[in-house]
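Read through the structure below, which is laid out as structure tokens, and then see the notes.
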Amino acid sequence: MDSTQGAGVTDADLFEMRWARAETDLMTPLMRLYGGVIEAAVLRDRLRALLARKWAERPADLRRLDLARDLDPSWFLSQKMAGYVFYVDRFAGSMAGVSARIPYLTDLGITYAHFMPCLKPRPGDSDGGYAVMDYGQIDPRLGTMDDFRDVTAQMRAAEISPCIDMVLNHTAREHAWAEKARAGDPVYRDFYLIFEDETLPRAYERFLLDVFPTQAPGNFTWDADMQSWVWTTFNTFQWDLNWANPEVFLAILGVILDLANAGAEVLRLDAVAFMWKRMGTQCQNEPEVHDILQAINQSASVAAPATIFKAEAIVGPHQLVPYLGAGRHTGKVSNLAYHNSLMVQFWSALASGRTHLMSDTLARHFPDRFQDAQWATYIRCHDDIGWAITEEDAEAAGVTGPGHRTFLSDFFAGRFEGSFARGADFQVNPDTGDARTNGSFASLAGLEAALEARDPVLIDMAEQRILLGHALIAGFGGLPLIYMGDELGLVNDPSYLDDPDLAGDGRWMHRPRMDWEAAERAATAETPAGRILRGTRHILSVRAATPALRGDVPSRILRTGHDRLFCVLRPGLEGTLTMVCNMTAHLQQIEAHRLDMDARDLPVDLLTGHQPVTEADRIVLPPYAPLWLHRPVW
Ligand code: GLC
């Protein structure tokens, strides 16, 4: 396998060097996790052998990419990175269909493509593919692993990094490991959390929350075959893996490296917050989770260094930061994590027309940058929106937590007087009063209602809200993720109600099928889809040309005292960008000096290419306008 590279350095040499680089950062967390159950030397040898085997299997072009990224480890922090998130079938029919759509992605400015769950799911309801039956196969309805290899190779050639979901908190109950556990195999029983009687489940349950209180209440499921209880945090058919077992770590690591070798450059690690269980806690965000994430990341740095990891942890502000590296894990865990808080605050500011809560929360809880990591910024995704606003943050902004959360769920379900939104409640929990929200970006932003009313003013407002959201995630700091269809303003799709496998899960309302006809017309059409598509493309192209928007440039929330504007400073080495977002339907003004600017010599707004309009010494912002005021550094 060894080919000669560079100055006589063989691939085997590279492996040794990378092992030497990672060994301590790899073995230290592993011994904290598993020191009590396996000897260090045994685990080290097994792990090293696994990594060496996967490295030996790694295709030559990916090894070249490994080298390129070892030389440029901050590649993913580039302002040229912009992501697109899609279900393969809903976007393009099949894996081969995705290849045919690469020019569409390139044209939009996309350099990162997230394939929503596409490994073989259990039959029937599979939680949108998050109940995986076989990690080694692509869902046969979409294609084969070879098809996936083909499309990732084509994306690589087009400089698009493929991202794939890795569901590692649980498998489907139909997975071979679960089948063996059910058949009584003790090795595989230990892959899951199985209890013969209700004592422990009950004791755990006292502290656990319900993720799906309506569709799957409780965290344990009785399995008649085993006459036992199984830990199932999500749906009854999703069996939680026992991450306290090193065999689970090794097995999942093998799967991850196989996917990396098939061309996945980004692994979206699903539901990571739940991986470690501890009696007497909510079993979320336990410190061991970060040790597991570090061990996975450091393993890939040996056997597939081109790979990065995105943590999906939709948790409160306090718990979120460590997913991008804090304390002893700094710079060593996930490279990306969803900025759930920014997303929630965008919607909260749109609904209330106020920005104190947004500015306060974002300034209070989050550092202005991370080491070797950045946010994945987004406005909508395939999941519901949980109104994660803490009591403490709400009170600091003069509202109450429960009051504001209820206002948001009412507003976005369209119940609040004057609301423009057309969303729906999800998983209303009568015990806690918590209600989450479903709905597509366009429908929540008012486009659906405006189109129905055929009101050009309302349509324009809704378009501006969508473009404001896209400008916010492109300018805030982080890798912006556009959810499929949001670049065209696709509205809610109720057709899922006709499919018995989907009808029970309201999240399908905002997972529409791609409207290729609208997309084709959009290039030139004076329609909402056309304007939103061209506006989004423009935002991404300006972003790509602006180094101040790199992920390693700090994002500092500017406290101007103006409760209608949200302002962020990006002090890059080559230029400073001040993003000012008008979160309201009204014209707003701000004195230039409050942005540390001189009204007589204002920087250019990169989005319009002009200096902003002024009124005396005040900068004027049209309704929902984002400004990217950029001052070059000489
Ligand atoms: C993640 C996914 C969500 C899924 C859950 C269980 O939160 O985004 O869609 O239901 O994990 O896998």
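The values are calculated or read from the model by the stated rules, or taken from the named source; none is laboratory data. Just so it is clear, the model here is predicted, and its values are computed rather than measured. Cβ atoms come from the backbone with ideal geometry, glycine included; neighbour counts cover every protein chain shown. Side chains are part of the model used for accessible areas, which takes the heavy atoms of the whole protein and leaves out ligands, DNA and RNA. Shrake-Rupley method; radii C 1.70, N 1.55, O 1.52, S 1.80 Å.
List every residue pair whose Cβ atoms lie under 8 Å apart, where the two residues are 6 or more positions apart in sequence or sit on different chains, the first residue falls within the range 93-106 and is part of a loop (DSSP other than H, G, I, E, B), and the second residue, located anywhere, is open to solvent by 40 Å² or more (accessible area, probe 1.4 Å).
Close Cβ pairs (under 8 Å, with a partner that is open to solvent by 40 Å² or more (accessible area, probe 1.4 Å)) amount to S94/R141; S94/D147.
From the list R422, R465, exactly one residue is at pLDDT 95 or above and either touching a Ser or Thr at 6+ places or on another chain (Cβ under 8 Å) or of a type in the set (S, T, Y) (or both). Which is it?
R422
Looking only at the range 303-322, count how many residues are β-branched (V, I, T) and closer than 20 Å to A22 by Cβ.
2
Looking only at the range 147-179, count every residue that is of a type outside the set (V, I, T) and out of contact with any Phe, Trp or Tyr (no Cβ under 7 Å at 6 or more places or on another chain) and tell me the total.
If we filter the range 147-179 for residues that are of a type outside the set (V, I, T), which is where we start, we get 147-150, 153-159, 161-163, 165-166, 168-170, 172-179.
Then keep just the ones that are out of contact with any Phe, Trp or Tyr (no Cβ under 7 Å at 6 or more places or on another chain); that gives 147-150, 153-159, 165-166, 168, 174-176, 179.
Number satisfying all stated conditions: 18.
For the range 326-352, which residues satisfy the criterion of being open to solvent by 10 Å² or more (accessible area, probe 1.4 Å) and part of a loop (DSSP other than H, G, I, E, B)?
A326, T330, G331, K332, N335, listed by residue number.
So which of D258, D240, D225 ends up being of a type in the set (D, E), open to solvent by 10 Å² or more (accessible area, probe 1.4 Å) and either at positive phi or not in a helix (DSSP H, G or I) (or both)?
Selected residue: D225, the only one of D258, D240, D225 that is of a type in the set (D, E), open to solvent by 10 Å² or more (accessible area, probe 1.4 Å) and either at positive phi or not in a helix (DSSP H, G or I) (or both).
Looking at the range 489-503, can you tell me whether even one residue there is in contact (Cβ under 8 Å) with a residue 60 or more places away in the chain and within 16 Å of the ligand (Cβ to nearest atom)? Even if it seems obvious, please write down each step before you answer.
To start, the set of residues in the range 489-503 that are in contact (Cβ under 8 Å) with a residue 60 or more places away in the chain comprises 491-492, 501-502.
Next, from what is left, pick out any that are within 16 Å of the ligand (Cβ to nearest atom): 501-502.
Yes, the range 489-503 contains at least one residue that is in contact (Cβ under 8 Å) with a residue 60 or more places away in the chain and within 16 Å of the ligand (Cβ to nearest atom).
Look at the range 176-195 and say how many of its residues are more than 17 Å from A244 (Cβ to Cβ) and open to solvent by less than 70 Å² (accessible area, probe 1.4 Å).
5
Considering only residues that are under 14 Å from L569 (Cβ atoms), at pLDDT 95 or above and open to solvent by 70 Å² or more (accessible area, probe 1.4 Å), which ones fall in the range 587-634?
Matches in the range 587-634: R594, D596, R631.
Within the range 268-288, how many residues turn out to be surrounded by 24 or more Cβ atoms within 10 Å (Cβ to Cβ) and either within 16 Å of N242 (Cβ to Cβ) or of a type outside the set (A, V, I, L, M) (or both)?
Adding up the residues that qualify gives 4.
Are any residues in the range 586-623 within 25 Å of S541 (Cα to Cα) and without any contact (Cβ under 8 Å) to a residue 24 or more places away in the chain, and if so, which ones?
Correct list: T608, G609, H610, Q611, P612, V613.
Would you mention how many residues in the range 579-610 are touching a Phe, Trp or Tyr at 6+ places or on another chain (Cβ under 8 Å) and more than 13 Å from A471 (Cβ to Cβ)?
Within the range 579-610, residues that are touching a Phe, Trp or Tyr at 6+ places or on another chain (Cβ under 8 Å) and more than 13 Å from A471 (Cβ to Cβ) number 2.
Exactly one of (1) among the polar types (S, T, N, Q); (2) away from the ligand (no atom under 16 Å from the Cβ); (3) open to solvent by less than 10 Å² (accessible area, probe 1.4 Å); (4) not in a helix (DSSP H, G or I) is unmet by T233. Its number?
All conditions are met except number (2).
Given the criteria in contact with a helix residue (DSSP H, G or I) (Cβ under 9 Å, 6 or more places away or on another chain), at pLDDT 95 or above and of a type outside the set (K, R), does D139 qualify?
Criteria met by D139.
Condition first: open to solvent by 40 Å² or more (accessible area, probe 1.4 Å), of a type outside the set (F, W, Y), farther than 16 Å from A442 by Cβ and assigned to a loop (DSSP other than H, G, I, E, B). Now tell me which residues in the range 396-423 satisfy that.
Of everything in the range 396-423, those that are open to solvent by 40 Å² or more (accessible area, probe 1.4 Å), of a type outside the set (F, W, Y), farther than 16 Å from A442 by Cβ and assigned to a loop (DSSP other than H, G, I, E, B) turn out to be G398, V399, T400, R415, E417, G418.
Results for (1) touching a residue at least 60 places away in the same chain (Cβ under 8 Å); (2) within 16 Å of the ligand (Cβ to nearest atom); (3) open to solvent by less than 50 Å² (accessible area, probe 1.4 Å); (4) in a loop (DSSP other than H, G, I, E, B), shown as yes or no for each residue.
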residue	(1), (2), (3), (4)
G129	no, yes, yes, yes
R141	no, no, no, yes
Q154	no, no, no, no
I164	yes, yes, yes, no
E174	yes, yes, yes, yes
D197	no, no, no, yes
A203	yes, no, yes, no
T214	yes, yes, no, yes
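Do you know which residues across the range 301-321 are over 17 Å from F366 (Cβ atoms), assigned to a loop (DSSP other than H, G, I, E, B) and of a type outside the set (V, I, T)?
Matches in the range 301-321: A304, P305, A306, E312.
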